[in-house]
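Asks: Questions regarding the structure given below will be posed in turn.
None of the figures in this text is laboratory data; all of them are computed from the coordinates on show. Keep in mind that what you see is a predicted model, and the values were worked out from it rather than measured. Quick reminder, even Gly has a Cβ in these numbers, built from the backbone with ideal geometry, and neighbours come from all protein chains shown.
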Amino acid sequence: MTLREKTAQLVGVWVGAGGEGGEVAPHQHEMERPPDLDTLLPYGLGQLTRPFGTAPVDPALGALSVLRSQQRIIAANRFGIPALAHEECLAGFAAWGATAYPVPLSWGATFNPELVRTMAAAIGRDLRAVGVHQGLAPVLDVVRDARWGRVEETIGEDPYLVGTVATAYVQGLESAGIVATLKHFAGYSASRAGRNLAPVSMGPRERADVILPPFEMAVREGRPRSVMPAYTDTDGLPSAADEALLTGLLRDTWGFTGTVVADYFGIAFLKTLHGVAEDWSDAARQALTSGVDVELPTVKTFGQPLLDAVEAGTVPEELIDRAVRRVLVQKVRLGLLDPDWSPVPAALADIDLSEPDALRGLVDLDRPANRALAAELAGQAVVLLRNDGVLPLGAPARIALIGPNADEPTALLGCYSFPVHVGTQHPKTPLGIGLPTVREALAAEFPAGELRTVRGVTVDGEDTEGIAEAVRAARRADVVVLALGDRAGLFGRGTSGEGCDAASLELPGRQRELLEALLDAGTPVVVALLAGRPYALGRATTEAAAIVQCFFPGEAGAQALVGVLSGRVNPSGRLPVSVPAHPGVQPSTYLAARLAQVSDVSSSDPTPAFGFGHGLGYSEFAWSGLDVDVAETGTDGEFRLAFELHNTGARAGAEVVQLYLHDPVAAVVQPVQRLVGYRRIPLDAGAGCRVELTLPADLASFTGRDGRRIVEPGALELRISASSTDARFTVPLHLTGPVRPLDHTRRLHPTVTVRPPTPTP
């Protein structure tokens, strides 16, 4: 291959994206005019950028467009190499008419990696069927400050929860033949003040013990084929120019062999935002040297600027060869270079393509099986935070449904769902999927009840004139369902989503005033939150009759929510992020050291209103019969324990057993507790089981003073818990022997075995 043919494999093109504004990507307005395809394609092409996620297109016609693009690309270059097509798939395939699943924060709320794996496989099959090869998901960023707009895209505030759920997603997507892309590597979520793309100033120990473990787990156990560097710089070093991160750690230590693809415009940001590159050629040199293989979304630095750098002698051609080899190996493993490979997407395999207009509607990306899966996931993700006994509602005669999210379809969707991410730029285009609102779902759930709907206030507006009408409606009702929360959007067009960071965790707009007015009205208030982040709820934490938290639950989310209200769904979700008691106390993550918690030397109290892992249900569970088999072991050994769990309620339900380690004395400061394992256990009414736990000493490891990961001898405490604030058993443990160094091959999980209950004598 000539040098220009090689560099052509390292770039993408974004057909149909405008350069006049940032509709679907940050700094999209900085795009130069679209590349001349007649000039570019004879040398080949690495990637096609978002053929379905740029504008509304019927799935069958989109697949036909991909087919024709591939035919043109293959015919134009002398080796007949097709392009690899990538798409966003964070909350489902981001295409018009595709199933809108719950956002990742809801995945975390399920504490159910197996269900997430099943969802990801379904998403992958839909991507593959229409000719897409790579999905730009999952997000493995650990929430450090909930003011960050992209909290909804994360799985939670704990690295173990994030790692296990994200790894399951990777496994599901890859099982369908789609290249999963880990992002954002690494530290994006730890930006100062929760601001998007702001600098990151964490130390190496926080990075090693909080930020990196989810990526390490996913690389080891998920086997993803792509990684995307973060936009941010950490201690002054941008991720896209960090050779120690992208090559030293990712490849040389962890053994990753896939491709590293730049986040959109991320290489150019080395010049424009970070100020570490002199020009486009220098930006290309730094990224390529560090280990970035592919520039996305289009040609900016890896085109002529990279060729100029080779000619100037600042970039050795061997670096280009290294990147091209990785790209071509990936295409080989996808089958794209097989002699019998066909560019015809599977969805069009048995369809007459001679009449394109007849194709419309022939490809269904929102099949009944998808919708059922979205409903199951949404149901398991609903978190019941508070209930004074008002729920389930039974059959109220008069319901007042109040709030800005009461009758808004897109209130159920996150920023990366197609109707929000792209559809808002095309307001005359139908949503493409069925999206019942809370009002519609509530009317269907309680057909005999009188339902009155009043908005009261908008999500983020300042008008309060509607509050009086809302109060009148509340006083005439038996119960108030108050639908509050967020509006997802991009770059300031929403209250949650990419570029929609919050100054505090106060409910947006005048929602708090509406909430307090209704609490004063005298009618029981059930607060239903449709949001992308947790918010401080003030008086509602103790005065609301019930609080139900939904993190953008997707197209089936309204039915899941009202199912919990009626009792049709027994809630079993658990908080993947803490809910703050006060809006201005950040960060409020449970994963904090002693000095980060409440003390008598500070007037600021970060204690959450509802802690990580919290969630109520309509079943009661009895934890009993703790049996500690091995409480003392060497630093290379394991602990063994067991206990009995019984559903003592009148209906089937699920308990989430959570395992936290507390290290009272360590060589370096540790969090007061950290999650090291969990298991969601469904039990029928009256049923029980024996839960057996084996915890390797490796789970107690941390990064020591010299930067090495170690297990040290001494006392530990295992908290077998229903949440981070509700320990059911507290077990003293002890490690003996020498300090033991560990590496990336350490054991990452406990063994949790569920057996029939011990027979009663």
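Asks: As a footprinting exposure proxy, order PHE185, PHE265 by other Cβ within 10 Å, with the fewest listed first.
Replies: PHE265, PHE185
Asks: Moving on to the next point. Where the centre of each part is set by its Cα atoms, how far does segment 102-155 sit from segment 496-524, in angstrom?
Replies: Cα centroid of segment 102-155 versus Cα centroid of segment 496-524: 27 Å apart.
Asks: What are the semi-axes of the equivalent ellipsoid for segment 272-373, taken as the square roots of 5 times the Cα gyration tensor eigenvalues, largest first, in whole Å?
Replies: Taking √(5λ) for each eigenvalue gives 40, 18, 14 Å, largest first.
Asks: Can you give the Kirkwood hydrodynamic radius for segment 621-755, in Å, rounded to one decimal and based on Cα pairs?
Replies: Answer for segment 621-755: a Kirkwood hydrodynamic radius of 15.6 Å.
Asks: At 0.36 nm per residue, minus the direct Cα-Cα distance, what do THR607 and ARG708 gain on full extension? Give it in nm, one decimal, please.
Replies: 33.2 nm
Asks: Using the 2.2 N^0.38 Å rule of thumb for compact globular proteins, work out how segment 348-461 stacks up: its C-alpha Rg over that value, please. Could you put the intermediate results ahead of the total?
Replies: Values: Rg = 18.8 Å, N = 114, 2.2 N^0.38 = 13.3 Å.
The reported ratio for this selection is 1.41.
Asks: If you take all C-alpha pairs in segment 105-158, what percent of them are over 17 Å apart?
Replies: It works out to 47 percent of all Cα pairs.
Asks: Suppose the chain between ALA448 and GLN425 were pulled fully straight at 0.36 nm per residue; how much longer would it get relative to their current alpha carbon spacing?
Replies: 4.4 nm
Asks: At 7 Å along Cα-to-Cβ for each site, give me the label-to-label distance between ALA369 and VAL739 in nm.
Replies: 5.4
Asks: With just the Cα atoms defining each centre, how far is segment 167-216 from segment 37-73? Give it in Å.
Replies: 29
Asks: Hey, could you get me the Stokes-Einstein D for segment 553-599, Kirkwood radius over alpha-carbon pairs, 25 °C and 0.890 mPa s, rounded to whole µm² s⁻¹?
Replies: Rounded to a whole number, D works out at 181 µm²/s.
Asks: Rank the residues LEU693, LEU48 as a footprinting-exposure proxy: fewest other Cβ atoms within 10 Å of their Cβ go first.
Replies: LEU693, LEU48
Asks: Restricted to Cα positions, what overall size does segment 534-629 have along the principal axes? Three whole-Å values, descending.
Replies: So the extents along the principal axes, rounded to whole Å, are 48, 44, 25.
Asks: Another question about this same structure. Given the alpha-carbon gyration tensor of segment 185-286, what are the semi-axes of its equivalent ellipsoid in whole angstrom, ordered largest first, with each equal to the square root of 5 times an eigenvalue?
Replies: They are 22, 17, 11 Å, listed from largest to smallest.
Asks: Kindly flag which residue pairs out of LYS6/LYS331; LYS6/LYS183; LYS300/LYS428 have an alpha-carbon separation exceeding 24 Å in this structure. Could you put the intermediate results ahead of the total?
Replies: Values: LYS6/LYS331 14 Å; LYS6/LYS183 26 Å; LYS300/LYS428 33 Å.
As for pairs spanning more than 24 Å Cα to Cα, those are LYS6/LYS183; LYS300/LYS428.
Asks: For segment 381-610, report the convex hull volume of the alpha-carbon atoms normalised per residue, in Å³, without decimals. Mind showing how you got there, number by number?
Replies: Working: hull volume 30.0 nm³, N = 230.
Per residue, the Cα convex hull of segment 381-610 comes to 131 Å³.
Asks: Now a separate question. Which value at 222 nm does the chain reach when only helices count, each DSSP H run of 4 or more adding -39,500 (n - 2.57), with the total divided by all residues and rounded to the nearest 500 deg cm²/dmol?
Replies: Mean residue ellipticity at 222 nm (helix-derived): -6500 deg cm²/dmol.
Asks: I'd like the distance between the alpha-carbon centres of segment 254-320 and segment 697-747, rounded to an integer number of Å.
Replies: 41
Asks: Write down, largest first, the equivalent ellipsoid semi-axes of segment 234-307 in whole Å, where each equals the square root of 5 times an eigenvalue of the alpha-carbon gyration tensor.
Replies: After diagonalising the Cα gyration tensor, the semi-axes are 20, 14, 10 Å.
Asks: Using 0.36 nm times the number of residues separating ARG223 and ALA622, minus their current alpha carbon distance, what extension gain do you get?
Replies: 139.8 nm
Asks: Among 425-435, 235-245, 617-627, 277-287, what's the highest-first ranking by average C-beta atoms within 10 angstrom per residue? Could you put the intermediate results ahead of the total?
Replies: Working: 425-435: 14.5, 235-245: 20.5, 617-627: 16.1, 277-287: 23.1.
Highest-to-lowest ranking by the protection proxy: 277-287, 235-245, 617-627, 425-435.
Asks: Next question, about the same structure. So which aspartates and glutamates can LYS271 reach, going by Cα to Cα under 15 Å and dropping same-chain residues fewer than 8 places off?
Replies: List returned: GLU30, ASP233, ASP242, ASP263, ASP279, ASP282, GLU295.
Asks: So, one more: Could you work out the per residue convex hull volume over the alpha carbons of the chain, in cubic angstrom?
Replies: Details: hull volume 127.7 nm³, N = 761.
Spread over its residues, the Cα hull of the chain gives 168 Å³ apiece.
Asks: Continuing with the same structure: Taking just the C-alpha trace of segment 583-667, give me its Rg and Dmax in Å.
Replies: That works out to 18.0, 48 Å for Rg and Dmax.
Asks: Oh, and also: Return, for the Cα atoms of segment 115-269, the radius of gyration and Dmax in Å, separated by a comma.
Replies: Expressed in Å, the Cα Rg and Dmax of segment 115-269 come to 14.7, 44.
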